[in-house]
Amino acid sequence: MSSVPTLAESVVLLTGASTGIGAALAKMLATRYSGIRLVLAARNQERLEQVAAVCQQAGAETLVVPTDLSQIEQGQALAQIALDHFGRVDVLVNNAGYGQMGPLELMTPDECRRQFEVNVLGPLALTQTIIPSMRDRGGGRIINISSIGGRTAFPFGGLYSGSKFALEALSDALRMELEPFNIKVSVVEPGAVHNEFLDVVKQEIETAIPDPENTPYRAAFATFGELDKRTKATAWTSDQVAEVIIRVLKAKQPRPRYVAATAGGFLVFLLTKVLPTKAVDRFWQRFYGIDQIAKDWRYQKQI
């Protein structure tokens, strides 16, 4: 049985590595730990190659594997390709994911299915395939990138939060199940981040609900469209979140959860432990414009 290598000696498999947090983390690891081996996965091969080129220039050995985690077999194949190429995976960072936002009433079965395939089932299949190798080598690290939305649900975010709640539940179970094998499991929960996440959110909404003005939720859609401006002051950069992930990787005894957001720990504590449910409901309803719906709906019915 092999000993667990240092981070600089590790093979790190990172999903969602073409942009945002994943790309920032890959470049940061390559810059700080010359010689580290990185398996970079995402759907966009061209962007992956660009990230890989930066990492290689910094001294990292990289393997680019275009992968669509909504296809379970691709997640399983990704794990096997990494194991075949490097002989092991010491660190798995399940970072790939997206947010399907919008009123639950208007979400189609296909949209519901894809949200859970990408955010839950894909990472689970990848993790399942990696675990035996980690166990045989004497340990490893698994970090699942969740969200503050994985601790508290909010309007228009039911599918996204549902998928992240599920990911956190899987992480908790895995943490307990894998501890005997020296495989450490942690969750990182970003808040708002300055990256392409909100752009993807808007694209997904436009695809799912092409004419929001003709829905009962149109008043809230107007507020939701300004979300990037409302979160701008407190949003983190991808580099800031990547710093938290590296802190988890360096910790000898990592905590189960790390919040990566301005005053995020306090906010989560307030929303989940202190305030009554009704007060939390009102907070999120005002933040996302749900409080404007009733008046607007009465107006729509009159005309």
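Numerical summary
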{"read-out": "Near pairs, Cβ below 8 angstrom, 6+ apart or cross-chain, from the stretch 30-59 (in contact (Cβ under 8 Å) with a residue 60 or more places away in the chain and on the phi < 0 side of the Ramachandran plot) to any residue that is among the hydrophobic types (A, V, I, L, M, F, W, C) and outside any helix (DSSP H, G or I)", "value": "none"}
{"read-out": "Residues satisfying the stated conditions in the stretch 99-113, i.e. without any contact (Cβ under 8 Å) to a residue 60 or more places away in the chain and closer than 23 Å to Ala192 by Cβ", "value": "Leu104"}
{"read-out": "Number of positions in the stretch 207-220 that are part of a helix (DSSP H, G or I) and closer than 14 Å to Met107 by Cβ", "value": "3"}
{"read-out": "Residues of the stretch 140-190 classified as charged (D, E, K, R), under 12 Å from the mean Cα position of the chain (by Cα) and in a helix (DSSP H, G or I), total", "value": "2"}
{"read-out": "Residue within the stretch 48-62 that is in a strand (DSSP E or B) and within 20 Å of the chain's Cα centre (by Cα) present", "value": "no"}
{"read-out": "Identity of the residue in the stretch 232-257, among the polar types (S, T, N, Q), surrounded by fewer than 18 Cβ atoms within 10 Å (Cβ to Cβ) and within 18 Å of the chain's Cα centre (by Cα), that ends up farthest from Phe154 (Cα to Cα)", "value": "Gln240"}
{"read-out": "Test for Leu121: is it assigned to a helix (DSSP H, G or I), closer than 30 Å to Lys252 by Cα, of a type outside the set (Phe, Trp, Tyr) and in contact with a helix residue (DSSP H, G or I) (Cβ under 8 Å, 6 or more places away or on another chain)", "value": "yes"}
{"read-out": "Criterion: touching a residue at least 60 places away in the same chain (Cβ under 8 Å), touching a Lys or Arg at 6+ places or on another chain (Cβ under 9 Å) and either among the hydrophobic types (A, V, I, L, M, F, W, C) or not in a helix (DSSP H, G or I) (or both) - qualifying residue of Val248, Val241, Val280", "value": "Val248"}
{"read-out": "Any hit, the stretch 79-99, residues being closer than 30 Å to Phe221 by Cα and touching a Ser or Thr at 6+ places or on another chain (Cβ under 7 Å)", "value": "yes"}
{"read-out": "In the stretch 251-272, residue farthest from Pro5 (Cα to Cα) [restricted to those that are in a helix (DSSP H, G or I) and not aliphatic (A, V, I, L, M)]", "value": "Thr272"}
{"read-out": "Checking Val39 against (1) in contact with an Asp or Glu (Cβ under 8 Å, 6 or more places away or on another chain); (2) within 27 Å of Glu189 (Cβ to Cβ); (3) not in a helix (DSSP H, G or I), the condition it does not meet", "value": "(1)"}
{"read-out": "For Glu206: the one exception among (1) of a type outside the set (Gly, Ala, Ser); (2) surrounded by fewer than 17 Cβ atoms within 10 Å (Cβ to Cβ); (3) modelled with pLDDT of 85 or more", "value": "(3)"}
{"read-out": "All positions within the stretch 76-95 that are among the polar types (S, T, N, Q) and either farther than 13 Å from Leu40 by Cβ or in a helix (DSSP H, G or I) (or both)", "value": "Gln76, Gln80, Asn94"}
{"read-out": "Of all residues in the stretch 169-199 being of a type in the set (Asp, Glu), surrounded by fewer than 20 Cβ atoms within 10 Å (Cβ to Cβ) and at pLDDT 95 or above, the one that is farthest from Val118 (Cα to Cα)", "value": "Glu179"}
{"read-out": "Selected residue (only one of Arg114, Arg135 is of a type in the set (Lys, Arg), surrounded by fewer than 21 Cβ atoms within 10 Å (Cβ to Cβ), assigned to a helix (DSSP H, G or I) and in contact with a Leu (Cβ under 9 Å, 6 or more places away or on another chain))", "value": "Arg135"}
{"read-out": "Residue count, the stretch 152-201 (criterion: within 30 Å of Pro216 (Cβ to Cβ), of a type in the set (Gly, Ala, Ser) and out of contact with any strand residue (DSSP E or B) (no Cβ under 9 Å at 6 or more places or on another chain))", "value": "7"}
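The values are calculated or read from the model by the stated rules, or taken from the named source; none is laboratory data. Worth saying up front: this structure is predicted, and the values here are computed from it rather than measured. As a convention, Cβ positions derive from the backbone with ideal geometry for all residues, glycine included, and neighbour counts pool all protein chains shown.
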